[in-house]
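What follows is a set of notes on a single structure, which appears directly below.
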């Protein structure tokens, strides 16, 4: 008798949709979403990510068996996505050379060792190997945890982009709501939790050639929108404290709570850590004042940085930044938004990162 072959183990596969136009919402909603619906019975954990390497594109990552990939998923994806691109092509005229310097910086900041050139042609479908970024994340367990989070938030991403396209939701306003709500609930209250956003901005500024000029630009945007930002902070806090919830924000906060619950035992057991997520290959051009103050005492590391609750928070905030990227918020916008949130909180509560850091250090002398 012929032995029955063992069932195939599913693996990760990736589909890249090369689309150089900045606006990708229609491609995601009318090209990618129907494809994933059609493949729902033969794939697991599908999710879409916006990416930049070798030209702007979408990455559709999913799990399936080798047989289903070859017989069903790949040909269906090529046919469906190529048809969308034929009917709705990108008309952007980007020059590879104009973006090379920025992409080199991104590659260093994101520890992405892959080739930057040549770009793939616009309006094409490619099938490069799936990248789990284990070299950055440090373990297959963390890579799996993050991929699962992407998959669990895919439906929310589609719903949010649909609301943005319909005009029911403002993209920037929604991003601010997510930041304010997360800052208040992840490490409450917001006068404490906001410090992660301030740290994110200051780390970015410390790598720029002229941080004072960038900060001045960010501050001008804050002054221009100060009243609206204060109103948005008040409205968001009223909502998360028991008011009528925004379903898109509430769903996201539920995903965050779920992710923290999944991560906590893994951090506690040491199966995952975040040591590999620290900046690699880049040195600060400029000091960060409140970081330097906190470094005066080992208590900041022992009481905060090394604690499981903070590692769960750090994982969740990186997931939030990734979610903003999936919604079309580019990194420079994200840094600006974090600055606007931080300035709003600092003015509302009459606080500063340096003063809070000094208070922490002095209390432990």
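Data for the structure
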read-out: Viscosity 0.890 mPa s, 25 °C: Kirkwood-radius Stokes-Einstein D of segment 263-365 over Cα pairs, µm²/s; value: 153
read-out: Gain upon complete extension [residue 117, residue 95; 0.36 nm per residue less C-alpha separation]; value: 6.8 nm
read-out: Expected-Rg normalisation [2.2 N^0.38 Å, Cα atoms] applied to segment 1-141; value: 1.16
read-out: Relative contact order (percent, whole number), the chain, Cα cutoff 8 Å, 6+ residue spacing; value: 21
read-out: Mean projected area (nm²) of the alpha-carbon convex hull when segment 141-362 is viewed from all directions; value: 12.6
read-out: Spin-label pair residue 170/residue 71, simplified geometry with 7 Å Cα→Cβ offset, distance in nm; value: 5.2
read-out: Inter-centroid distance (Cα atoms) of segment 49-128 relative to segment 14-30, Å; value: 9
read-out: Calculated FRET efficiency for the pair residue 152/residue 130, C-beta based, R₀ 22 Å, to 0.05; value: 0.75
read-out: Nearest 10 degrees, 0 to 90: helix 308-326 Cα axis against the chain principal axis; value: 60
read-out: Mean Cα-pair separation over length for segment 254-365, i.e. relative contact order, pairs under 8 Å, 6 or more apart, %; value: 40
read-out: The chain: angle of helix 74-87 to the longest principal axis, Cα-based, in degrees nearest 10; value: 70
read-out: Translational diffusion of segment 181-261, µm² s⁻¹ [Kirkwood Rh, Cα pairs; Stokes-Einstein; 25 °C; 0.890 mPa s]; value: 168
read-out: 0 to 90° range, to nearest 10: angle between helix 331-349 axis and the chain longest Cα axis; value: 30
read-out: Label point distance in nm, residue 224-residue 212, each placed 7 Å from Cα along Cα→Cβ; value: 2.3
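Laboratory data are not the source of any read-out in this text; all were calculated from the coordinates shown. Since the structure is predicted, the reported quantities are computational estimates derived from the model, not experimental observations. Backbone-built Cβ (ideal geometry, glycine too); neighbour counts: all protein chains shown.
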